[in-house]
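Here's the structure, in structure tokens; my notes come after.
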Amino acid sequence: MRHSSYIYLLSVCLLLARTALAEPDHELVYRLKASVVKVHAMTASGGHGVGSGVVVDKDTVATNCHVLANSSGISISKFGDSISPTGMIADWRHDICLLKFQYLELPAVKMASAASLHYGDEVFSIGFPGGPPKPQTISGKVRALYPYDDSLIVRTDAAFVMGSSGSPTFNQAGELVSLSTFKSPGKQAYFYSVPVEWIGALIHKEAATTTVPAEPPFWDLPLEARPYWMQVVQPYQSGDWSSLEKISRLWLTQQPTSSEAFFYLASALHGQGKLDEAQQAYERATNLQPAHIDAWSGLALLAQQTQQPALLASAEQQIQLLDSQAWPDVQQRLQEVR
């Protein structure tokens, strides 16, 4: 198989992250913004870090611990006022910290669960990307869900930048499902958020006595110690197919029914020209997760390359059903390589 053909496949998958989205209800967003705060962290050397946070319980704001790490002073700002917390509860490994206040007088949001999400669900985050004075809203779709530590890490295409760490991510009903936390490096970054379930598990824990991290967050461990769904990103995006195949097969030994592991294995096999095996892996991915649009896109290209019109028609139909707004661009790109 030609390398250029698979680069085209990757472009199709990345294209799907740029489709138009329905705007969340403006009145709902307005109400939710009352619960979103800017988080400030000062260092002993005079440095100033900024993040985002959300009120999750009475007098309690959730944010990412990495926003607060090693700080000598912490505050939040809202409606022009600056308020300092009276305490902090930290889960350094999962990168969630709760700031406790006295008489905060800001409404808490309603919490749902990351487990309630599905591939393709529309979500939106509210935070302070780049540190603007007012909170900004960014819409996106759920692109992947990764089982991790008794919950799910959520990957969306709601892009965020510095200042967004700790931004609440909401479902279309305005319920909190996760916190925007980290992204992969590079121009085609993946954006991850940590589940609201971890917040609930932390609320009644003991307060921290220091802002010095007890351990690094799981996403900042050495590469070989990170979850497989993080390890696959760089070889996938750079076209290092042999490395991607190795990682994917290791992933499958631990999670033999992971649609994501089968998708990356299919991509690795496809990139190496092992088309029969790649087709089997793509089909396994779509059987396990029928809404895996990237797997359907890979299968469509493979069907076209191997002249399987029935399979191509089926894959095209699924792509149209999953994301009708993406379909015209996918169709055009498929036609370009016919």
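What length, rounded to one decimal in nm, is gained on full extension from MET162 through to GLN325, with 0.36 nm per residue of separation minus their alpha-carbon distance?
Extra length from MET162 to GLN325 when fully extended: 55.7 nm.
Who wins for biggest fluctuation among SER125, SER242, SER35 in a Gaussian network model of the chain, springs between alpha carbons below 10 Å?
Looking only at SER125, SER242, SER35, the biggest GNM fluctuation is shown by SER242.
May I ask for the angle, rounded to the nearest 10°, between helix 309-322 and the longest principal axis of the chain, with both axes built from Cα atoms and the value confined to 0 to 90°?
Once rounded, one gets 20 degrees.
Calculate how steeply helix 293-305 sits against the longest principal axis of the alpha-carbon atoms of the chain, using the helix alpha-carbon long axis, and give the answer as 0 to 90 degrees to the nearest 10.
Roughly 20 degrees, rounded to the nearest 10.
With a 1.4 Å probe and every protein chain kept in, tell me what percent of the accessible surface of the chain is carbon plus sulfur.
Of the solvent-accessible surface of the chain, carbon and sulfur hold 51 percent.
Determine the calculated [θ] at 222 nm for the chain from helices alone, applying -39500 (n - 2.57) to every DSSP H run no shorter than 4 residues and normalising by the residue count; nearest 500 deg cm²/dmol.
That comes out to -10500 deg cm²/dmol.
Which one is right for this structure if Kirkwood radius over Cα pairs in Å is calculated from it: [x] 21.0; [y] 19.7; [z] 26.9?
So the calculated entry is the one marked [x].
Explain nothing, just compute: Karplus ³J(HN,Hα) = 6.51 cos²θ - 1.76 cosθ + 1.60, θ = phi - 60°, for every residue of segment 264-277 in order, whole Hz, x for Gly and Pro.
With the stated coefficients, segment 264-277 comes to 5, 5, 4, 4, 5, 5, 4, x, 9, x, 8, 6, 4, 5 Hz.
Net charge near LYS38: determine it from the other residues with C-beta under 10 Å of the C-beta of LYS38, scoring Lys and Arg +1 and Asp and Glu -1.
Result for the local shell: +2.
Using only the Cα atoms of segment 258-338, build the gyration tensor, take square roots of its eigenvalues as a ≥ b ≥ c, and label the shape rounded, prolate or oblate: rounded if a/c is under 1.5, else prolate if a/b is larger than b/c, else oblate.
Judged from the Cα gyration tensor, segment 258-338 comes out oblate (a/c at least 1.5, b/c at or above a/b).
Can you give the FRET efficiency to the nearest 0.05 for ASP240 and GLN172, using r as the Cβ-Cβ distance and R₀ = 30 Å?
So the FRET efficiency works out to roughly 0.20.
What residues qualify as long-range amide H neighbours of TYR148, i.e. H under 5 Å apart, gap of 5 or more or another chain, H built at 1.01 Å from N?
ILE153
Take the alpha-carbon centre of segment 55-133, take the same for segment 303-325, and report the distance between them in whole Å.
That distance is 42 Å.
Give, as a single signed number, the net charge of other residues whose beta carbon lies under 9 Å from the beta carbon of TRP229, with Lys and Arg counted +1 and Asp and Glu -1.
With Lys, Arg at +1 and Asp, Glu at -1, the neighbours total +1.
Quick check: net charge around TRP92, other residues with Cβ under 13 Å of its Cβ, Lys/Arg +1 and Asp/Glu -1?
-2
How many angstrom separate the Cα center of segment 194-214 from the Cα center of segment 145-177?
17 Å
Pick out which of ASP294, ASP157, ASP59 has the largest mean-square fluctuation in a Gaussian network model of the chain, springs linking Cα atoms closer than 10 Å.
In the Gaussian network model the winner is ASP59.
Could you work out the relative contact order of the chain? I mean the mean sequence separation of Cα pairs under 8 Å and 6+ apart, divided by the number of residues, in percent.
Result for the chain is 15 percent.
Calculate, in nm to one decimal, what LEU275 and MET42 gain on full extension: separation in residues at 0.36 nm each, minus their alpha carbon distance.
Difference between extended and current length: 78.4 nm.
Full extension from ASN287 to ASN70: what is 0.36 nm times the residue separation minus their Cα-Cα distance, to one decimal in nm?
Gain on stretching ASN287 to ASN70: 73.5 nm.
In this model, which of LYS141/LYS274; LYS33/LYS58; LYS183/LYS274; LYS110/LYS141 are farther than 22 Å apart at the alpha-carbon?
As for pairs spanning more than 22 Å Cα to Cα, those are LYS141/LYS274; LYS183/LYS274.
Note down the relative contact order for segment 210-322 as a percent, whole number, built from C-alpha pairs under 8 angstrom at least six residues apart.
Computed value for segment 210-322: 16 percent relative contact order.
Quick one: Kirkwood hydrodynamic radius for segment 57-209, alpha-carbon pairs, angstrom, one decimal?
Value: 15.8 Å, from the Cα pair sum.
Using modelled amide H (1.01 Å from N, peptide plane; none on Pro or chain starts), what sits under 5 Å from the amide H of LYS141, excluding residues fewer than 5 places away?
Under 5 Å from the amide H of LYS141: VAL123, ASP157, ALA158.
State in Å² the accessible area per residue of the chain; use a 1.4 Å probe, count heavy atoms of protein chains only, and round to the nearest integer.
That works out to 45 Å² per residue.
The values are calculated or read from the model by the stated rules, or taken from the named source; none is laboratory data. Treat the numbers as computed from the prediction; the structure is a model and nothing was measured. Quick reminder, even Gly has a Cβ in these numbers, built from the backbone with ideal geometry, and neighbours come from all protein chains shown. Calculation scope for accessible area: heavy atoms of the full protein, side chains included, ligands and nucleic acids excluded. Shrake-Rupley method; radii C 1.70, N 1.55, O 1.52, S 1.80 Å.
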